[in-house]
Every structure is written in C-alpha cells, then in structure tokens.
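A short worksheet on the structure shown next.
The values are calculated or read from the model by the stated rules, or taken from the named source; none is laboratory data. Everything numeric in this text was worked out from a predicted model, so none of it was measured. Note that we place each Cβ from the backbone using ideal geometry, even for glycine, and neighbour counts take in every protein chain shown. Accessible surface is based on the protein model in full, side chains and every heavy atom, while ligands, DNA and RNA are left aside. Shrake-Rupley method; radii C 1.70, N 1.55, O 1.52, S 1.80 Å.
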Amino acid sequence: MAGSLPEGYEAYLDEWEKKIGAFIQLERDPLKIPGPEAGLPLPTVPPEALRALQGLPFAVKDNIAVRGFSLSCGSKLLEGFKSPYTSTAVRKLESAGAFVIGKTNMDEFGMGSSTDASAIRRTNNPWDQSRVAGGSSGGSAAAVAAGIVPFALGSDTGGSVRQPAAFCGVPGLKPTYGAVSRYGLVAYASSLETIGILANTTALCRAVFAVIRGRDPHDQTSRDAPAAAPALYNGSAPAGSGGRKVIGVLSAETVAKAIAAAAAEGGDDEGAALRTAALAAAPEEEVSRGFELAKSRLAALGYTLADVELPSLKYGVPAYYTIATAEASANLARFDGIRYGRRPDWAENPDDLIDKSREAGFGPEVKLRILLGTFVLRSGFQDRYYLRAQRIRTGIRRNFETLLGSSDYGEVPGTAPPPCDAILLPVFPTRAFGRGDAALSPFAQKAADLYTCCANLAGLPALSFPVSVEGGLPVGVQLLGRAFAEATLLDIVESYEAAYPFPHPPGYRVFRS
Ligand code: GLN
C-alpha cells in the first residue's frame, strides 16, 4: 500500500481541483495503481530528509515517468499513454516513503510559460482563476499552491519550475545540471534541463532534493556533488546567520541598460531585435516593488548586497531558443506514431503514417519549435546560429564563474575568493497574466525568459521564492548559485522564510498527514 490520505482531505482536494484543473490524472486510491517498483537504496540521505517525506502524497509533472500512470507530456500525441516504468527521481521518493497521487498538467512537451499550451486541459492560477498558473510546470505549481499536495516534481529547461512557482507563490528549485538523474524525464532540450522541485516550504524543498539527487547509472550526465560543495544538512550557514554571505544583485535596470547599449551599437536588424527584447523584459511596477522589498529584507537579515553585471546575458534568449529548439527537433523525432502514442486509422505507407501522426499529434508551438530547430541546424548554417549560440552560452557561464567561482571547487591558492555567494535576480517581468486580451503574446513570453534561461545555459542551480502579494497576485524573485551549491540558496531562503513566511491563497489549508 503506497500511502493513505488524511480525513477530509478528499473533499478539500476535489473542491480545489474543480477550480484549478491542475491534474491530467489524479488517483485518490493508491491501491488502484501498480505499486512502486522495487525500492532504490538511499545510502547518503540524511535521516531528517527521510523523516520529512514519510507518508507524504506528491504530484508529478506529466513528462516524468511513473509506472502505470499517464505520460502524456500535455500532448494529444501521447494522450492516454501509460508509462511502463518509473523515473529514478520518483523511485527514490517512493523509497523514502512518499507516494504519487497524480500527474500534472503542462505546456506541451514543456514548451511554454503558461500551461495554456497543453493540448489536454486548462489550468488556472489558485490566486485568481482567470489567470494562468505559469509554465511549463503550471499544474505542479498550482497543485502545491492550493495545498492539494505538499510538494510536486516539475522540469526546468528554461525556467519551467521557477516561473510557475513565482506565479503561484511557492518556492521552486532548479538544481545544478546533472545533480538529479533525468532517467524517466521525457527529453525536450537535454543539455539544458533538470527535474526540479516545487514545495510548500523551503525545508521540504531541501528534503526532496536530498532524496532525489545523486549519480544514477541510467543517466550518464548525472553526478554526485563534489566533496567541497556546501552540505545540505548542517550546511554552510545555519538559518538566520546571514552576516558572512554576499548576494550579488542583478537588477532589471542593469540588464535593460546593457541591452540598450548593445542595441545602439548593433546593426539595424540586431538593434531592432534587441530593442524589442528590452521592452518585453522590462518588469511591471509590482514586480520591481517586490524585487526592492526582497533586497531590503535580505539586507535586514544581515546579508551584504552588491550590484553586479552580467554582460553576456543580453544574448541569453536567442541563445536559449537556438539551442533548445535544435535539441527539441532531434529529441522529438522519436514520436513517429509507430513506437508510442496515437496514430491515424489509415495511412498510405510508413512515411505517410509518420507524417499524419505528427501532423495530428503535435500542437502549433511544438511544430514551430521543431521547424526552428531544423532551420538553425540545416547544413551550411550551423556557424551562423547554433555555434554562435554555443559561444554565447560559454560567455554566460564564464560571467557567472567570475562572480561565483567555478564548478570544480578547486580554488587556486593565492587568488581572491569569488565575490558573491549567490546572485539575486527577477524571475519574470510580470505576475501571472490573464487570457484573451490580457494574455502575454507568444513573442513577449519568449523574450521574458531572459531571467530564467541563463541558469539553464550555465547549468547552475537557482531557487525562486515568493516575496509579496501585489494586487492579489504573488511576486517572486530568484537566487542563483554556484554549481552544486543548492545548500547555500536553501540556507538563505530558509532564513528569509523564517522571518517573512510565504503567503497562501484564500482557502488554503496546510497538509497534515
Ligand atoms: N518558457 C520556456 C520555454 O518555453 C521554458 C521551458 C521549460 O523550462 N521547459 O521554452
């Protein structure tokens, strides 16, 4: 038996789920689904983390495999497909005594920032049901924010855990690239993405991460944290002792200035593109206010704040979309209607079968990105797009290394320590947006990924957390850290949360098992 739910919980869950539609599949009776696969040993997980997870129900984004559950990726092409196996991250959580109650809605194959690009259903923001929950892990964020589950898994390729977390007012962790096994995560852009965590408290985020991280023989890009990385428990600094930590502040104004300067220098086309991007990345007033509030509160907690710049960030979005679409066009080639998912009733021949399956199965955003990906990779043009994007990616990583130190933790004796322990930056320029006329255009949504996609390009961990509620909607900020320094980010945010508890939407009840 996987677990049991407390009294009164089902009614609460049904009431919320009717309003927000977070789930693609929700199983109230864990006996109805095939039990967990054989457990995985959890040798290095501290007992505090295991205690925190025992008996907790959780939700899993519908692009992460759980045996016997849906694995639709929010796509018509895979609607109704059931996974034959369980991802490593979920198996570890099950071994720790937590159990899956459902699969959450998402933008198709993780492509989007609203969850409205799901081909299966619509998910509403628990704070205001006329607005989106963010994306692409919008179902997971909404389910946690509403208190349906204490935590959920998502995936973050360019911001898909942190942005919906900010829209729904919960903390969201994107771990270091490779810190968590991707085995069982349906690939969108393999070199950028990680499984991430949304939880109702920072402490629970930490416990889940402590369980799911680590090298996995099924994923050759996964690895253990280096021995010199800060420890997750009894970590680098106990909560509240902010004094020694320096937080670099990368404000939207600094970023806007850098983009404007590049626009003035660039040729006509590049200048115009950069000016449009600058406009889309400019934060609304409420988001700027939230950012200033986060700064003053962190300073009050004893952290030292210092303004920083990140010169290559201005090219982050074009680099991200070049690399992400290139990888997506290759990764999504497997969906041919033969091995998985839906296929047409009748086809002329195998080629026709593939064409018809993809034509009917993929939504417009997915088709657009596959086309873009094949465009940037076409022969003779790789220098112009893909290789340039890779150089920008290296530039962004180097900029971060100058501020935070390098990922191997091998400091050179006699050189100064890195100037910052973490970098504070906005998550997204707007709060949860509406639909129809109140929606953000698909172009603006992409340009707005500026603040989140840089952590994926650099492979660094980032933790977004709610700071305020403005006009009834949460505002979040994020802290970005050195590779495998999730503990530093969690320590800072836990000390913040102790002083300034996270907000909850009206009607929220905390889960007690
Ligand atoms: N908004 C980004 C995109 O559409 C984020 C995607 C993600 O992290 N999965 O690609």
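Test of understanding: among PHE465, PHE428, which residue is more than 15 Å from the ligand (Cβ to nearest atom) and buried (at least 24 other Cβ atoms within 10 Å of the Cβ)? Give the steps one after another, and end with the answer.
On the way: PHE428 fails: more than 15 Å from the ligand (Cβ to nearest atom).
Going through PHE465, PHE428 in turn, just one is more than 15 Å from the ligand (Cβ to nearest atom) and buried (at least 24 other Cβ atoms within 10 Å of the Cβ): PHE465.
Looking at LYS257, is it part of a helix (DSSP H, G or I), more than 24 Å from the chain's Cα centre (by Cα) and basic (Lys, Arg)?
Yes.
With the condition kept exactly as written, say whether any residue in the stretch 73-82 is without any contact (Cβ under 8 Å) to a residue 60 or more places away in the chain, open to solvent by less than 20 Å² (accessible area, probe 1.4 Å) and more than 24 Å from PRO217 (Cα to Cα).
no
Return the residues of the stretch 471-513 that are under 20 Å from the mean Cα position of the chain (by Cα) and among the basic types (Lys, Arg); say none if nothing qualifies.
ARG482
Per-residue answers, yes or no, for (1) within 16 Å of the ligand (Cβ to nearest atom); (2) free of Cβ contacts under 8 Å to residues at least 12 places away in the same chain; (3) open to solvent by 30 Å² or more (accessible area, probe 1.4 Å); (4) not hydrophobic (A, V, I, L, M, F, W, C):
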residue: GLU309; (1), (2), (3), (4): no, no, yes, yes
residue: TYR315; (1), (2), (3), (4): no, no, yes, yes
residue: GLY337; (1), (2), (3), (4): no, no, no, yes
residue: TYR385; (1), (2), (3), (4): no, no, yes, yes
residue: ARG388; (1), (2), (3), (4): no, no, yes, yes
residue: PHE400; (1), (2), (3), (4): no, no, no, no
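Filter the stretch 355-383 for residues that are over 27 Å from the mean Cα position of the chain (by Cα) and exposed (fewer than 13 other Cβ atoms within 10 Å of the Cβ); which is modelled with the highest pLDDT?
Among them, the one singled out is GLU359.
Which numbered condition trips up PRO41, out of (1) more than 25 Å from ALA117 (Cα to Cα); (2) open to solvent by less than 20 Å² (accessible area, probe 1.4 Å); (3) part of a loop (DSSP other than H, G, I, E, B)?
Of (1) more than 25 Å from ALA117 (Cα to Cα); (2) open to solvent by less than 20 Å² (accessible area, probe 1.4 Å); (3) part of a loop (DSSP other than H, G, I, E, B), only one is false for PRO41: (2).
Yes or no: the stretch 196-210 includes at least one residue that is surrounded by fewer than 24 Cβ atoms within 10 Å (Cβ to Cβ) and assigned to a loop (DSSP other than H, G, I, E, B).
Looking through the stretch 196-210, at least one residue is surrounded by fewer than 24 Cβ atoms within 10 Å (Cβ to Cβ) and assigned to a loop (DSSP other than H, G, I, E, B).
Need the failing condition index for ALA98 against (1) crowded, with 24+ Cβ neighbours inside 10 Å; (2) within 15 Å of the ligand (Cβ to nearest atom), just the number.
(2)
If I filter the stretch 434-448 for residues that are within 14 Å of PRO164 (Cα to Cα) and within 14 Å of the ligand (Cβ to nearest atom), do I get at least one hit?
yes
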